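Only one structure is covered here, and it is reproduced in the block below.
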Amino acid sequence: MTAPIPEHVTRLSVTGMHCAGCVSRVEQALKAVPGVSEANVNLGERTATVRGTASAAQLIVAVKASNYDAAELRGAEDEAKKEAAEFAHYRTLLRRFFVAAAIGFPLMVAELLGKMPMLHQPGGQVFWLGVAAATLFVLVYSGGHFFVGAWKSLRANNANMDTLIALGTGAAWLYSTSIALFPDIVPSLARHAYFEAAAVIIALINLGQALEQRARGKTSEAIKRLIGLQPKTARVVRDGQEVDVAIEQVGLDETVRVRPGEKVPVDGVIIDGHSSIDESMLTGEPMPVEKRVGDTVTGGTLNKSGSFLFQARRIGADTALARIIAMVRQAQSSKPAIGRLADRISAVFVPTVLIIAVITFLVWFNLGPAPRASFGLVATMTVLIIACPCALGLATPISIMVGVGKAAEFGILIRNGEALQQAGRLTVVVLDKTGTITAGRPTVTTLAPAAGFQETELLVLAASVEAGSEHPLAQAIVESAQQKGLALQPAIGFEAIAGHGVRARVADKTILLGNAKLMQVHGVVLNELEARAADLAAQAQTPMYLAVDQRIAGIVAVADPVKPDSKEAISRLHAAGIKVAMITGDNAATARAVAAQVGVDEVLAEVLPADKANRVSALQARGEVVGMVGDGINDAPALAQADVGFAIGTGTDVAIESADVTLMRGSLHGVADAIGVSRATVRNIKQNLFGAFVYNTLGIPIAAGALFPFTGLLLNPMIAGAAMAMSSVTVVSNANRLRFLRRAGVQRGEGAP
């Protein structure tokens, strides 16, 4: 039996798309390919991301069959080619603009100044036929791609932006040329040529597309920066020699040398040396992190000081940086619900405009003042030009691209556009306690010596006794002593007393370390330390008594400490109007103590791992939009159940794979940052959609002549062309404001500046 072909993701560069109608047709063509489970087309980036078993060749054939062109994007080299092609297209658009402007604008100025000869004047007809030829050159050279696109759409029984532009300018040229050739076919009042309008419209639309493409190039800067983090070569140790090889040639488990100032080429574990490494590309935090033997290093991070050797553990597409790039691209290509609404509207928009244009001409031709045909042509051409839905198609994807990229700069990886939209709608955030609110590992938090003893002496005795134990609390005590550089003493006759503690001899003294029962059994009087132990227990610390030769020496308290910034991060969530709940398997007393420290609103204690998802479901049943934050395998079901799952990036791969948002920092501030980015991005999308809808909704009636009966004004087609071109530039420019979003601004819940 043949094994099923695994699904994979294919990225294509798609050329020839101009509007949301183009996006819809390319998506439909891709989804019709057998084996495709998901297809998202990004108009802003001019790419398609396809998931399924279909090959790239099959997908390219489908795109070409829908009258667009495509090529597979596989690596940095393909991305560079795409970028070079886009810059070349930008230069071509500028040339087309200058050619059209060089002919169209002088004609427009001469027309405004009344310097154009009349058709009946000597040489007038020859002049106008020359203008017709010059304008035809503009339509072919500067506007030919619109006519080609319109013809392809017509053959596919579709209509798009090219259709509107080609019909508007083509009708203007045909009408004007007919008058130049046969002036007597229309009344004298209708003998007006619109060559300058056709040329200037083509010029302005080309300029608008050039400016839009230039602005679009800035939206993908986050991805470009991430790709730029990947070093091109690595220094590997082979046969005892250090040699430089291409990054693609580094193998698993190979030994790699990294010198000061160099980037770490792939993911691995240090086996020799130590250094400080700038991991800001991962976490957004500027402070370098100290690394020693046994610590992990990540490809793309910058080695600041020492030289070290490490063993490659993840290479190629498996490195953290490659996975980050893939996740950011996936999110930038996905669509939230608000974007799919725009797509549905755009799919019927162009056919509707064509119907409105026909009705406009018929109304003017039958009911308008003389010259009816001339007025009808002007109004129809203006409707076709002003209605181009470019801005509508760009409104969502451009903002998503910039918002997701900005989040990545903050160390927040958003898996899809739906999560980006939902994060801003959260009403309650559920936080796992261990490893999320707290550090996730026991630490000595309090040393309370009795009279006649010192803190250092207390810690040395406790650590000396526990040095041979593997209990987590014992390890916390030993690590605390080692961090302070204290020398431990040998322990003799170590004995673990189940349910009570431990006993051993250190420096010829009998040491007891354990709970009150252990002290009571051995007749140790606790005095005032008993009350202190109760206070520590109320603060979610685990107090252990230490006695020397049956005399109380003090208390060593161990706890899983709250992260230093958890309280502040939770305060930010409250300031954003979000309730905060804590979920934990710990007992209620410990949970309440931690909750009191950080200001949690609701405590869900003694919850078994299997029940965490059920608790999230219960909150959703109350009408809450729930975000779940966790870092462990037992959090994965709850992360998947939540409306938005946030995985702390320092946690397990299972948790990260189950989550919608990954926080590369181990800080809850990332949750507040993600919500701030979400709200700013959704607000930006709404601004873009509002602008695009209002532009088309108001522009079409005005273009059709709705104001003419009241004011005698009819919108000039050239003004419509300029407005249409600038609407796309405005949408892209507004989205780019998100690039200036600062973390401090996000923390205050502000949007783009």
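Side notes on the structure shown:
- Placed amide H near Thr233: partners under 5 Å, 5+ positions off or other chain: Ile247
- Size descriptor for region 354-513, Kirkwood hydrodynamic radius: 23.6 Å (Cα pairs only, one decimal).
- Amide H contacts under 5 Å for Thr445: Ala557, Val558, Ala559, restricted to partners 5 or more places along the chain or on a different chain, H placed in the peptide plane at 1.01 Å from N.
- Nearest-ten-degree value, helix 372-386 long axis tilted from longest Cα axis of the chain: 20 degrees
- Computed from Cα atoms, the angle from the helix 612-621 axis to the main principal axis of the chain rounds to 50 degrees.
- Relative to the Cα centre, the charge distribution of the chain, modelled as +1 at Lys and Arg Cβ and -1 at Asp and Glu Cβ, gives a dipole magnitude of about 2440 debye.
- Approximate spin-label separation Lys64-Thr15, in nm, with each point projected 7 Å along Cα-to-Cβ: 1.3 nm
- Spatial separation of Cα centroids for region 461-531 and region 28-49, in angstrom: 64 Å
- DSSP loop trypsin sites (Lys or Arg not before Pro) with at most 16 other Cβ within 10 Å excluded, longest remaining stretch of the chain: 485-621
- Eligible lysines near Lys484 by straight Cα distance, threshold 25 Å, same-chain separation 8 or greater: Lys291, Lys509, Lys563
- For region 364-416, convex hull volume per residue from C-alpha positions, Å³: 77 Å³
- Degrees, to the nearest 10: 472-483 long Cα axis against longest axis of the chain: 90 degrees
- Probe 1.4 Å, protein heavy atoms only - accessible area per residue of region 373-486 in square angstrom: 29 Å²
- Residues of type aspartates and glutamates that Lys81 reaches as a straight line, Cα spacing below 17 Å, ignoring anything fewer than 8 places off in the same chain: Glu45, Asp69, Glu72, Glu221
- Fraction in percent of alpha-carbon pairs per bin - 10 Å, region 522-635: 12, 34, 28, 15, 9, 2, 0
- Separation in nanometres of the label points that stand 7 Å from Cα toward Cβ, at Asp244 and Ala575: 4.8 nm
- A straight chain from Glu262 to Asn366 at 0.36 nm per residue would run longer than the Cα-Cα distance by 29.9 nm.
- Cα-Cα P(r), region 408-486, percent of pairs per 5 Å interval: 3, 12, 15, 15, 12, 8, 7, 7, 9, 7, 5, 1, 0
- Modelled label positions at Glu38 and Ala610, each set 7 Å beyond Cα in the direction of Cβ, lie 3.0 nm from each other.
- Extreme residue, positive dipole direction of the chain, given options Ala575, Pro701, Thr255 (C-beta unit charges): Pro701
- Residue among Val293, Leu139, Val677 farthest towards the positive dipole end of the chain, charges placed on Cβ: Leu139
- Cβ-based net charge around Gln550, under 12 Å, with every Lys or Arg adding one and every Asp or Glu removing one: +2
- For the chain, the residue among Thr177, Leu43, Asn515 whose Cα projects farthest onto the positive side of the dipole built from Cβ charges is Thr177.
- Arg737/Arg51 FRET efficiency (R0 51 Å; Cβ-Cβ; nearest 0.05): 0.95
- Heavy-atom SASA rank of Leu384, Leu167, Leu112 (probe 1.4 Å, accessible area, largest first): Leu112, Leu167, Leu384
- Taking a point 7 Å from the Cα of Ala640 along the Cα-to-Cβ direction, none of the residues of region 28-64 has its backbone N closer than 18 Å to it.
- Maximal additional length on extending the Ala538-Thr697 stretch stands at 50.9 nm, based on 0.36 nm per residue less the C-alpha distance.
- Calculated Rg and Dmax of region 1-159 using C-alpha coordinates, Å: 22.3, 86
The values are calculated or read from the model by the stated rules, or taken from the named source; none is laboratory data. Just so it is clear, the model here is predicted, and its values are computed rather than measured. Cβ: placed from backbone, ideal geometry, glycine included. Neighbour counts: every protein chain shown. Note: accessible area is taken over every heavy atom of the protein model, side chains too, but ligands, DNA and RNA are not part of it. Shrake-Rupley method; radii C 1.70, N 1.55, O 1.52, S 1.80 Å.
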